[in-house]
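Step one of this worksheet: look at the structure below.
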C-alpha cells in the first residue's frame, strides 16, 4: 500500500492519508493521536503507532498526544503576534526598553538571529510592518486585495528598521530571559512612528515541530504535521520505513516532486498559499527583506524568481526559516547558498512560462514531473 506525504502551500490541507488507511497496513497495533487541531493559524495532525511489539502502549500514546496539544497551546501563547505574548510585549516596547521573555520565545529569538546571520538577512522576522502594510494580518485566502499598498517612503522606513534586528540584545539573568530593543529603532514617516517589531511566522511552526519531535521520541512510526508546510516525520511501518513525499505544483497541475522520506523534518514555502493579485501581479505574504515587498515583485510587476522551496533536515525550525530565506534570495544567490548547507533542498524558479527545479538531492532519490527542467546543484 502506497501512502503519500504531501507538502505544498501554507494554508492548504495537504497531509492526505487517514488513520484508517494507515492501520490497514499493519497486522497489530493502532494509530493514535489527533487530526485537524487548530494551532498557529493552521491545522495540526499527529499520528503515533502504538500497542504492538517494540512500540509504546496505546495508553502512553494517548498521554503523549495530550502532552503535545498542551505544548502547542503553550507555544502559541509564547510566540503569537496577534494575542498577548512575550513577542507582543517586545513589539509594544519602546526603543531601548527591556522586556522579559519566556524560554520558548527566547530560544526562537536566538535561533532567528543565528539564521538571520547565516542567510545574510534573507530570513528576517522584522518584516512585521510590511506584512501588516500589505494587509496580510487581516487577509483571508481568496479575499479582495487591500485598497492601498505601502508607498516607497514607508518601505524605506521598514528597511531601515530591519537593520536593528541583529542588534536586539538577548540575555539570561538569574534563570529569567530578556530582550532589549535597540535604541534608535524607530522611524517616523508622514507623521506615523514605526518601531522595530518582529513576526516569527517563518520559524514558529518549525520550532513547534522540533518540540513535538522531542516529546514523541519513543514512537518510531508516525508523523506530526502543520498542514503539510512543516513536519516531523518518523518511519511508516516496520516493513517499509519510508513515506512518499509529494510536493504540489506551484501553479497548479500534478505534483511536481516525489521523494521517499523517513526520520527527518521538512518545511515548504510557496507564493500560492496566502496571496492576492492586482492588475495581474501576484502579491504573496512572503516578504523580501531587501525590498520589504512581496517576493518577485518589482515596480508593481512580477519578475522571474523562486516560487516554492522545500527543505529536509534534522531541525524543522531551520528548514522553516531556510525555505523563507531561499524564496527571497533569487536563483543565483540561492544556488550558492545551497552549496553551504547540509540540508536537502528543492526549489522552483518561474521565468515566464518556464519552470526549473534546482536541487542538491542525490540523483535517483527523487522524481520530477514532466514539464520542468532540472538543474542539480553540485
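Residue 281 passes all but one of (1) in contact with a helix residue (DSSP H, G or I) (Cβ under 6 Å, 6 or more places away or on another chain); (2) at pLDDT 95 or above; which number fails?
Condition not satisfied by residue 281: (1).
Can you find even one residue in segment 56-79 that is touching a strand residue (DSSP E or B) at 6+ places or on another chain (Cβ under 9 Å), assigned by TED's automatic domain parsing to the domain that holds residue 207 and part of a loop (DSSP other than H, G, I, E, B)?
yes
Sort out which residues of segment 117-152 are assigned to a loop (DSSP other than H, G, I, E, B) and within 17 Å of residue 329 (Cβ to Cβ), and write them in order of number. Give the derivation first.
Just the residues of segment 117-152 that are assigned to a loop (DSSP other than H, G, I, E, B), to begin with: 119-124, 134-151.
If the condition is that a residue be assigned to a loop (DSSP other than H, G, I, E, B) and within 17 Å of residue 329 (Cβ to Cβ), then 119, 120, 121, 122, 123, 124 are the ones that fit.
Is there a residue in segment 273-285 that is under 30 Å from residue 364 (Cα atoms) and either in contact (Cβ under 8 Å) with a residue 24 or more places away in the chain or not in a loop (DSSP other than H, G, I, E, B) (or both)? Give the steps one after another, and end with the answer.
Taking segment 273-285 and keeping what is under 30 Å from residue 364 (Cα atoms), we get 273.
Pick out the ones that are also either in contact (Cβ under 8 Å) with a residue 24 or more places away in the chain or not in a loop (DSSP other than H, G, I, E, B) (or both) and you get 273.
Within segment 273-285, one or more residues are under 30 Å from residue 364 (Cα atoms) and either in contact (Cβ under 8 Å) with a residue 24 or more places away in the chain or not in a loop (DSSP other than H, G, I, E, B) (or both).
Considering only residues that are in contact with a strand residue (DSSP E or B) (Cβ under 8 Å, 6 or more places away or on another chain) and either farther than 15 Å from residue 187 by Cα or buried (at least 19 other Cβ atoms within 10 Å of the Cβ) (or both), which ones fall in segment 151-168?
154, 157, 158, 161, 168
When segment 332-365 is examined, which residues are found to be over 22 Å from the mean Cα position of the chain (by Cα) and farther than 20 Å from residue 295 by Cβ?
362, 363, 364, 365
Would you check if there is a residue in segment 130-139 being crowded, with 17+ Cβ neighbours inside 10 Å and closer than 22 Å to residue 232 by Cα?
No, there is no match, as no residue in segment 130-139 is crowded, with 17+ Cβ neighbours inside 10 Å and closer than 22 Å to residue 232 by Cα.
Quick one: would you say residue 177 is over 25 Å from residue 301 (Cβ atoms), at pLDDT 95 or above and in contact with a strand residue (DSSP E or B) (Cβ under 6 Å, 6 or more places away or on another chain)? So that I can check it myself, show each step before the final result.
Details: over 25 Å from residue 301 (Cβ atoms): yes; at pLDDT 95 or above: yes; in contact with a strand residue (DSSP E or B) (Cβ under 6 Å, 6 or more places away or on another chain): yes.
For residue 177, the condition - over 25 Å from residue 301 (Cβ atoms), at pLDDT 95 or above and in contact with a strand residue (DSSP E or B) (Cβ under 6 Å, 6 or more places away or on another chain) - is met.
Which condition number does residue 364 fail, the rest of (1) at pLDDT below 95; (2) crowded, with 19+ Cβ neighbours inside 10 Å being met?
(2)
Per-residue answers, yes or no, for (1) out of contact with any helix residue (DSSP H, G or I) (no Cβ under 6 Å at 6 or more places or on another chain); (2) in the same structural domain as residue 188 (by TED's automatic domain parsing); (3) modelled with pLDDT of 95 or more; (4) closer than 18 Å to residue 196 by Cβ:
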| position | (1), (2), (3), (4) |
| --- | --- |
| 125 | no, yes, yes, yes |
| 128 | yes, yes, yes, yes |
| 131 | yes, yes, yes, yes |
| 143 | yes, yes, no, no |
| 151 | yes, yes, yes, no |
| 156 | yes, yes, yes, yes |
| 160 | yes, yes, yes, yes |
| 164 | yes, yes, yes, yes |
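Every residue, every condition in (1) under 18 Å from residue 125 (Cα atoms); (2) modelled with pLDDT of 95 or more; (3) under 23 Å from the mean Cα position of the chain (by Cα), yes or no:
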position: 57; (1), (2), (3): no, yes, no
position: 64; (1), (2), (3): no, yes, no
position: 68; (1), (2), (3): no, yes, yes
position: 71; (1), (2), (3): no, yes, yes
position: 106; (1), (2), (3): yes, yes, yes
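Go over the candidates 295, 338, 261, 307 one by one and state the one that is in contact (Cβ under 8 Å) with a residue 24 or more places away in the chain, buried (at least 20 other Cβ atoms within 10 Å of the Cβ), more than 22 Å from residue 125 (Cα to Cα) and not assigned by TED's automatic domain parsing to the domain that holds residue 159. Quick ask: steps written out before the conclusion?
Numbers: 295 fails: more than 22 Å from residue 125 (Cα to Cα); 338 fails: more than 22 Å from residue 125 (Cα to Cα); 307 fails: more than 22 Å from residue 125 (Cα to Cα).
Answer to the check: 261.
Does residue 228 satisfy being modelled with pLDDT under 95 and within 13 Å of the chain's Cα centre (by Cα)? Show your work before the answer.
Details: modelled with pLDDT under 95: yes; within 13 Å of the chain's Cα centre (by Cα): yes.
Yes; evaluated as a whole, the condition is true for this residue.
The values are calculated or read from the model by the stated rules, or taken from the named source; none is laboratory data. As the structure is a computational prediction, the values presented were derived from the model and not from experiment. Backbone-built Cβ (ideal geometry, glycine too); neighbour counts: all protein chains shown.
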